[in-house]
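Participant: Take a look at this one; I'll ask things after.
The values are calculated or read from the model by the stated rules, or taken from the named source; none is laboratory data. Note that the structure is a prediction, hence the values are computed from the model and not measured. With ideal geometry, Cβ positions are generated from the backbone for all residues, glycine too; neighbour counts draw on all protein chains shown.
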2 protein chains.
Amino acid sequence: MNKPLKLIVSAVLTLGTLAATATAIAQQAPKPEQLIKWRQSAYQVLAWNTGRIKANLDGQYNKDDVIKAANTIAALANSGLGALYAPGTETGKGWHETTVKPELFTDKKAGEAAGNFNKEANELARVAQLGDLTVIKAQLAKVQGTCKSCHDDFRRKD
Amino acid sequence: MNKPLKLIVSAVLTLGTLAATATAIAQQAPKPEQLIKWRQSAYQVLAWNTGRIKANLDGQYNKDDVIKAANTIAALANSGLGALYAPGTETGKGWHETTVKPELFTDKKAGEAAGNFNKEANELARVAQLGDLTVIKAQLAKVQGTCKSCHDDFRRKD
């Protein structure tokens, strides 16, 4: 092979490798619709577990059930839900059309809101272990306050 | 008030209290569709997190990310997902029509399958902390084996 031909072959092979790599990365990265479905699912799991704690406080209290629920909420708060708000997920459909406001992706208050939820959720998991219903009730209200605050700022009403 | 009248009034009041209590319980208990939606959501959250660990093992490894994902899987495994298979949820629609087989509600293998998932998920959370990729990979495969086994036995193919 002469030198210019070698260079062309080499360049084509390099481009081919780059394209294959880009394709592999694109295949691995979850699609926006998948990310939206996952975050909608995560909030459902949170609703299940806050509801469980409330049912325990309003009705028959089972300490172990409250601990399990609080640990699940804390694990999700600590899981890095922010990754499910990757660029490209500002609009689109998961289980249903996303209700996120565009501000979530630009307003630094969103990070603060996530941090508040994280802090209060971990505290809920801590006090669940102690089993004082008044303390658990007050802490659940704090967690739900961080949910509401974020919904007020970053979730569309429609 | 004479005695027969007293008895009637007392009986009516008792029935009224019972009816009010029954209504309150019915209002508190989540509907079957809600339970099905929650369990479908929980499996999505599990898929997100097993996928995250796989992506970390196949690509750029981030120990903290794997720990978060493994802790979320373990918390869900420990959360008491069985409660989402309450009587009345054998059929019905959450996000979509349930794909559960009737056997799940009668076969004691279902409880064993849940126990296996629980055990392997907690072990995954433990080894994620150690950061040995070979061990994490082997343990993730064990967790996914318990998923597959349960799907084979208790999830419809359609």
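Participant: Give the residues of segment B:70-98 that are facing another protein chain (nearest Cβ under 7 Å) and either at negative phi or in a strand (DSSP E or B) (or both), sorted by residue number.
Facilitator: Within segment B:70-98, B:Asn71, B:Thr72, B:Ala75, B:Leu76, B:Asn78, B:Ser79, B:Trp95 qualify.
Participant: A further question follows. In the list A:Thr98, A:Thr72, which residue meets the criterion of being crowded, with 20+ Cβ neighbours inside 10 Å, in contact (Cβ under 8 Å) with a residue 60 or more places away in the chain and closer than 17 Å to A:Cys147 by Cα?
Facilitator: None of the other options fit; the residue is A:Thr98.
Participant: Name, by its number, the condition in (1) charged (D, E, K, R); (2) within 12 Å of chain B (Cβ to nearest Cβ); (3) surrounded by fewer than 21 Cβ atoms within 10 Å (Cβ to Cβ) that does not hold for A:Arg52.
Facilitator: If we test A:Arg52 against (1) charged (D, E, K, R); (2) within 12 Å of chain B (Cβ to nearest Cβ); (3) surrounded by fewer than 21 Cβ atoms within 10 Å (Cβ to Cβ), just (3) comes out false.
Participant: Let me ask something additional. Which condition number in (1) among the small types (Gly, Ala, Ser); (2) under 13 Å from the mean Cα position of the chain (by Cα); (3) closer than 18 Å to B:Asn49 by Cα is the one that A:Ala110 fails?
Facilitator: (3)
Participant: Can you tell me which of A:Gly111, A:Gly59, A:Gly92 is exposed (fewer than 14 other Cβ atoms within 10 Å of the Cβ) and either under 28 Å from B:Leu35 (Cβ atoms) or of a type in the set (Asp, Glu) (or both)?
Facilitator: Among A:Gly111, A:Gly59, A:Gly92, only A:Gly59 is exposed (fewer than 14 other Cβ atoms within 10 Å of the Cβ) and either under 28 Å from B:Leu35 (Cβ atoms) or of a type in the set (Asp, Glu) (or both).
Participant: Would you check if A:Leu46 is modelled with pLDDT of 95 or more, in a helix (DSSP H, G or I) and more than 11 Å from the chain's Cα centre (by Cα)?
Facilitator: So A:Leu46 does not fit the description; no.
Participant: Among the residues of segment A:48-89, what is the count of those that are β-branched (Val, Ile, Thr) and farther than 14 Å from A:Val143 by Cβ?
Facilitator: Selection size over segment A:48-89: 2.
Participant: Scan segment B:117-129 and give yes if some residue there is closer than 23 Å to B:Ala86 by Cα and of a type outside the set (A, V, I, L, M, F, W, C), otherwise no.
Facilitator: Scanning segment B:117-129, I find at least one residue that is closer than 23 Å to B:Ala86 by Cα and of a type outside the set (A, V, I, L, M, F, W, C), so the answer is yes.
Participant: Then there is this: Is there a residue being surrounded by fewer than 16 Cβ atoms within 10 Å (Cβ to Cβ) and not in a helix (DSSP H, G or I) anywhere in segment A:121-138?
Facilitator: Checked segment A:121-138: at least one residue is surrounded by fewer than 16 Cβ atoms within 10 Å (Cβ to Cβ) and not in a helix (DSSP H, G or I).
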